[in-house]
Each structure stands twice: as C-alpha cells, then as structure tokens.
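Here is the structure we will look at.
The values are calculated or read from the model by the stated rules, or taken from the named source; none is laboratory data. Quick caveat: nothing in here was measured; it's all calculated off a predicted structure. Using ideal geometry, Cβ is built from the backbone for each residue, glycine included, and neighbour counts are taken over all protein chains shown.
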C-alpha cells in the first residue's frame, strides 16, 4: 500500500473545531453549579469555567485555566475517554441525549495556545530547593511542571532517547500526533525544567546519589513491557508485543512495518483494541481480538470496541490461547473455549477452560496485549521501598513512599490508568513534596 494512503489512514479521527462551532457548542452549556462534569474529571478541571471563557471569546484565559489544572490538557483532550468521564456525566444527556463536546472544546482552547506559542504558565519565585524526577512521562512531566511553578529547580532523568513515555511512544497514532505531543512538552520545559534523556537510573546514575544530591526525588517510571503469553511458540517470528507494535506506528515509516494477512490480538484492554485497529489500517485482511472472558467483562471502553467493529475487527469471546503453531514463523493459534466461574480477586468471573473444546485459528501474526509488567528490577533495587503486588505503595494524599524524600505516582504506583490519572498523581506528589519542604522550614 502506498505510504501516502497509509498516512491518510492514520490521520487523527476527530477534526478540530472552528471558531463558529466552538462558540455554538459553548453557548449550549448550562454552566451548572457543582457541575457533575467537573466531578467526573480526574484532574479536577472546572469545565463550566473554561467553556464560559470560550463563549466569551477569552480563548487565552480558557487555555490558561486548563493548563494550570492539567499540564497535558491538549493531549488529554484527544485521548481521554470523555464519553466515560466528563461528557458521560453531562446533564444534557438526560435532557436530549447530546452532551456538550467537552473534549473537543478543550482541544479548541489548548490548540490555540500551542499554535500561538502563548505564554500562559510561569515559573514561581526561586526557593533554592532541587528535585529530581525519574521518568519523562505524563506523571513525571506534570510533577516537574507543578514544582517549577512553585519555585523549585527540577531536573528530569529519562532512560529513553525520546521524552514523553507512553504519551509520545505508544498512544495510537490516529488519536494524537507526535508533533503535537512534543510541542506540549516543550511548553512545559519553558518553565525552566531541565531534561536528561538516555540516562538510566541505577546503571548511569546510582539511585542513592540522587537522594543525596537533591532535596526530594519523584519516581514516575511507569511500567515495563507487555506481559508474556506464557505459551509454547511465543518465540516464533510473527509474534509481537502490543506496545512495541503501536510504538512502531508512531516512529517508523508506515510502509516499512511488517504486518500479517491474518492477525490475532490477544487481550481485552484498550491497548489490544488499538493494536487491532492499527493492524487493519496497515493492511491486514482479517483481524481478530481473542479475549478469555465475555464482552460484558472486557475492560476496553465500549466506544473503542464499537470503532473496532466498524473497522472490521472480529471479536472471539470466551477463548484463550494454548499454543502458537508454526516452525519458524507463526502459522496458527491453538485455543481453548472458556466458561465463566466464581469471581476471582479482581471481582470478575473467573474463566475456566472447557475440556475438549480446543480449536485452531489460522493466522500469520499474533500480537500480545495482556497489560504491562512492573519494572521490578529497578524498584526492588531501591532499599527500603515498600511494594505491594509489584507496585509502589504511596500515601494517597501526598504521594510519599516508605523511603524518606522519595515520592511516586503514575502507573508504577497505581497499576495503570488513563493519562489524566497520571497527570493528577504527578501534581499530587509535587504538592506533597512542596508541603514537606514547608514543614521542614517551620
């Protein structure tokens, strides 16, 4: 397929609002007191206030309010599941079924700020305190930005050569462009944040050195690679990791990405659905998502599932992989039917194999998208750090860990969530760090 056709397939789905549409939609808002849309936002954005500013023609003021509350407001406007969060809580749903398009209005204001390079965030008066942030993803950058606005000197250490974490590496290309994500991060760096990429904590800089050199350290390393399928044949050519596959669609030339004709994605989360849609857009003739529970238990958002169905993705429910078939390359996937039993520790019905129900799917590519594993090699090397089921245990109000001066947030502490959750946790930890400085000075 020609590269131009592929690029067109991966263009962002929702088009930006024009001025007239934005004013018309902003004018529909009821500006509720104690607005349920604001309560549904993990970042705590005052939705009626930023929309009122758009209605009044104060786009810069709207963008400033958004970015002062959510440092990745532009990215979140594109990737947040707004129909599950703010738009799902809009009172207009009950009146006539069409909520205010909050996400698109948020994008309208933040796009204006980024396109015009508007200076809307400013560093605070210098306190003399220094903070190291480990990880340049959404949690790390949000923590750094909040600290900079509070007057502290911040330095971010990132193991990869490119900053941004999942924001720039693994969010589906058709949801957000890398160019916009990097522009938004550049705006935050203008607060005086220093960034060191290609620097691995433990290998290039001992963790203990950071604790001694800085007044506080924030740990925002996210999680690692996709969990293994743990079945025979996983080492065959044509078996790929879900996040790595999505990353290629953002970093490589689309016509250079190898794609099978018949692709099976194993998993039931949003990454699995994104990978399935990407495989279809790259030219796969038949794409299937294999999930061991029923559709009712599938964690991927319903809108994501609907979009996949529209694009021709097939879902195979209540089935699990047993073996990947083939000699050197993938030639098929042996599966077993499942039935649901009593609830497991997650509260969902436990899938149980049905004896004698094995079947084979012909395919030449398998994408594993079972969720990410924790970076235990890094976390276990931090002396005194309390972990629970692999994640960092933190104070829910301050982000403080069991190690003095060490704070944490994002996926390494919560186990995974939306980007807006990571932003909120980074800000929470920054305020916890700031409060710890104030307490020591009293």
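Kindly indicate whether residue 222 is buried (at least 16 other Cβ atoms within 10 Å of the Cβ), out of contact with any helix residue (DSSP H, G or I) (no Cβ under 9 Å at 6 or more places or on another chain) and part of a loop (DSSP other than H, G, I, E, B). It is false that residue 222 is buried (at least 16 other Cβ atoms within 10 Å of the Cβ), out of contact with any helix residue (DSSP H, G or I) (no Cβ under 9 Å at 6 or more places or on another chain) and part of a loop (DSSP other than H, G, I, E, B).
Considering region 42-74, and only residues there that are under 15 Å from the mean Cα position of the chain (by Cα) and modelled with pLDDT of 95 or more, the residue that is farthest from residue 106 (Cα to Cα) turns out to be 71. Restricting to region 175-184, give me the number of residues that are assigned to a helix (DSSP H, G or I), more than 15 Å from residue 106 (Cβ to Cβ) and in contact (Cβ under 8 Å) with a residue 60 or more places away in the chain. Summing the residues that are assigned to a helix (DSSP H, G or I), more than 15 Å from residue 106 (Cβ to Cβ) and in contact (Cβ under 8 Å) with a residue 60 or more places away in the chain in region 175-184 gives 3. When residue 144 is tested against the conditions (1) surrounded by 17 or more Cβ atoms within 10 Å (Cβ to Cβ); (2) under 22 Å from residue 55 (Cα atoms); (3) at pLDDT 95 or above, the lone failure is (2). Scanning region 1-23 for residues that are surrounded by fewer than 12 Cβ atoms within 10 Å (Cβ to Cβ) and modelled with pLDDT of 90 or more gives 18, 20. From the list 52, 64, the lone residue that is touching a residue at least 24 places away in the same chain (Cβ under 8 Å), buried (at least 19 other Cβ atoms within 10 Å of the Cβ) and outside the structural domain of residue 418 (by TED's automatic domain parsing) is 64.
Yes/no matrix, rows are residues, columns are (1) at pLDDT 95 or above; (2) at negative phi; (3) surrounded by 11 or more Cβ atoms within 10 Å (Cβ to Cβ); (4) not assigned by TED's automatic domain parsing to the domain that holds residue 243:
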site	(1), (2), (3), (4)
347	no, no, no, no
354	yes, yes, yes, no
357	yes, yes, yes, no
360	yes, yes, yes, no
363	yes, yes, yes, no
379	no, yes, yes, yes
382	no, yes, yes, yes
389	no, no, no, yes
395	yes, yes, yes, yes
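Considering region 321-334, and only residues there that are crowded, with 17+ Cβ neighbours inside 10 Å and touching a residue at least 40 places away in the same chain (Cβ under 8 Å), the residue that is nearest to residue 365 (Cα to Cα) turns out to be 330. For region 341-378, a residue qualifies if it is touching a helix residue (DSSP H, G or I) at 6+ places or on another chain (Cβ under 8 Å), part of a strand (DSSP E or B) and more than 20 Å from residue 287 (Cα to Cα), and the qualifying residues are 349, 372. Just one of the listed residues (290, 285, 340) is crowded, with 19+ Cβ neighbours inside 10 Å and either outside the structural domain of residue 418 (by TED's automatic domain parsing) or farther than 23 Å from residue 227 by Cβ (or both), and it is 290. Among the residues of region 147-167, those that are buried (at least 23 other Cβ atoms within 10 Å of the Cβ) and not in a loop (DSSP other than H, G, I, E, B) comprise 147, 148, 154, 156, 157, 167. Restricting attention to region 79-98, and to residues there that are outside any helix (DSSP H, G or I) and touching a residue at least 24 places away in the same chain (Cβ under 8 Å), which single residue is surrounded by the most Cβ atoms within 10 Å (Cβ to Cβ)? Checked region 79-98; the qualifying residue surrounded by the most Cβ atoms within 10 Å (Cβ to Cβ) is 80. Suppose the filter is over 30 Å from residue 148 (Cβ atoms), surrounded by fewer than 21 Cβ atoms within 10 Å (Cβ to Cβ) and in contact with a helix residue (DSSP H, G or I) (Cβ under 9 Å, 6 or more places away or on another chain); does residue 295 pass it? Yes; evaluated as a whole, the condition is true for this residue.
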